[in-house]
Ligand code: NIG
Ligand code: FE
């Protein structure tokens, strides 16, 4: 249940600290005992939950989402079916840029209600800690608007949310011919983000037609000087070498990595940069080649998994589905998958000492599952196996119960 300290790299990803016939005791929101039932002290319990025949795990951690956005992109499905590539849709002013228009048009309150709806759904799939990026404003007013929505949700919602400034997500039409000037502007906005304490991380989309490896490197170096930990969307579609660069700038995570080179994979193993893999995105972009998770683990990398929840390349809140795809498409073993959505995912967003484990002294973030064992979830796909989500010792979601906060998406 607790197991080895720190992030789990390479072969350590097989370590899950499984306890059969366990007891978990919680007081004032914290775990006070977790271990074999036979060794548990006598507790005066106010409330007991009988978990016989059920699996109990740490709350899941989703370390890469684009939670706050306006509109949706169902009209792009027909283009995808005709085989129009994702980056061509973006080049024609659609894709991310169509969500930018919808986000700029939306009032803060609309964005808040919509994000709250998605957040509740994310939690209902067993997630208790997650990350949320901006990146659909692409100007000061609208990037700050998105980040303020995240900040309000951090206060109002039981989930823990790490916030990332992704101002460098695409080149807006007003800077079409001068991406460097746009990046300078985003660096200025980043100072405001820092002053207002609106994000802990900075991210950039390093991709053909968006930002080059060298532009990204310079941008992230400056972000570090301002005191941000950095993340990167790297080698998602074209293999540009963003994985190597991420390790060189000591990014906390490098995300996507479908086209990571052999050199990049070696560097991951030697660095502290966590590989956040997003097989839901590869699936939804209709690609045949998935990230080389096996090579990464064999080269001693730490792998995490995330939904990449967003309105274009991965419209799903279901982290369990990502666990299924990781088993089938990334050929990850069940133990590796559990570490990738708990311990390693927590480390990828700076929550390594707070989330991802059921451990004495930590917040009681726990999921009770309607399944007989831990192998079952990567196996039985497409449905929600959650029975109960406990966040900080309180029941935050129970199967069959309406969350009742907002009902529109
Ligand atoms: O992680 N690649 C860039 N960003 C997102 C997609 C955002 C969108 O299509 O709206 C991603 O895939
Ligand atoms: Fe993303």
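Nothing in this text is a laboratory measurement; each read-out follows from the coordinates by a stated rule. As the structure is a prediction and not an experimental result, all values here were calculated from the model. Here Cβ is always computed from backbone atoms with ideal geometry, including for glycine, and neighbour counts include all displayed protein chains.
Counted by neighbouring Cβ atoms within 10 Å, the residues 338, 369 run from fewest to most as 369, 338. In percent, what relative contact order does the chain have, based on Cα pairs under 8 Å that are 6 or more apart in sequence? Answer for the chain is 23 percent.
What's the FRET efficiency of residue 221 with residue 196 using the Cβ-Cβ distance as r and R₀ = 25 Å, to the nearest 0.05? With a Förster radius of 25 Å, E is 0.65.
Given an 8 Å cut-off on Cα distances and at least 6 residues of separation, report the relative contact order of the stretch 246-378 as a percent. Rounded, it is 21 percent for the stretch 246-378. GNM on the chain, alpha-carbon springs under 10 angstrom: the most fluctuating residue among 122, 16, 366 is 16.
Each part gets one Cα centre, and for the stretch 213-237 versus the stretch 249-274 those centres are 13 Å apart. Counting only alpha carbon atoms, the long axis of helix 213-225 and the longest principal axis of the chain meet at about 60°. Listed from fewest to most Cβ neighbours within 10 Å, the set 176, 194 follows the order 176, 194. On full extension, the segment bounded by residue 49 and residue 178 gains 40.5 nm, given 0.36 nm per residue less the C-alpha separation. Scoring 285-292, 330-337 by mean Cβ neighbours within 10 Å over their residues and listing the highest first yields 330-337, 285-292. Cα centroids of the stretch 1-64 and the stretch 73-134: how far apart, whole angstrom? Using only Cα atoms, the two centres lie 35 Å from each other.
Highest mean first, the peptides 97-110, 230-243, 195-208 sorted by other C-beta atoms within 10 Å per residue fall in the order 230-243, 195-208, 97-110.
Taking 4 °C and 1.567 mPa s as conditions, the stretch 38-178 diffuses translationally at an estimated 74 µm²/s according to Stokes-Einstein applied to its Kirkwood radius (Cα pairs). Shown for 225, 353: other C-beta atoms within 10 Å of each C-beta, ranked fewest to most, produce the order 225, 353. Protection proxy ranking of 251-263, 82-94, by the mean of other Cβ atoms within 10 Å over each peptide's residues and highest first, is 251-263, 82-94.
Of all DSSP beta bridges in the chain, what percent run antiparallel (nearest 5)? Restricted to the chain, the bridges split so that about 40 percent are antiparallel. Between 0 and 90 degrees, the angle of helix 96-105 with respect to the longest Cα principal axis of the chain falls at about 90 degrees.
Which angle between 0 and 90 degrees, to the nearest 10, do you get for helix 140-156 versus the longest principal axis of the chain when only C-alpha atoms count? The answer is roughly 10 degrees.
Working from Cα pairs under 8 Å separated by at least six residues, relative contact order for the stretch 140-279 is 17 percent. Is the C-alpha gyration tensor of the stretch 324-409 telling us rounded, prolate or oblate? Criteria: a/c under 1.5 is rounded; beyond that, a/b larger than b/c is prolate, otherwise oblate. Oblate shape, in that a/c is at least 1.5 and b/c is the bigger or equal ratio. Assign one of three labels to the stretch 239-375, namely rounded, prolate or oblate, based on the Cα gyration tensor with a ≥ b ≥ c the square roots of its eigenvalues; rounded applies when a/c is under 1.5, prolate when it is not and a/b is larger than b/c, and oblate otherwise. The shape class here is oblate. Note on the chain: Cα-only Rg and Dmax are 20.5, 69 Å.
With helices as the sole contributors, the chain gives -10000 deg cm²/dmol at 222 nm; each DSSP H run of n ≥ 4 counts as -39500 (n - 2.57), and the sum is divided by every residue.
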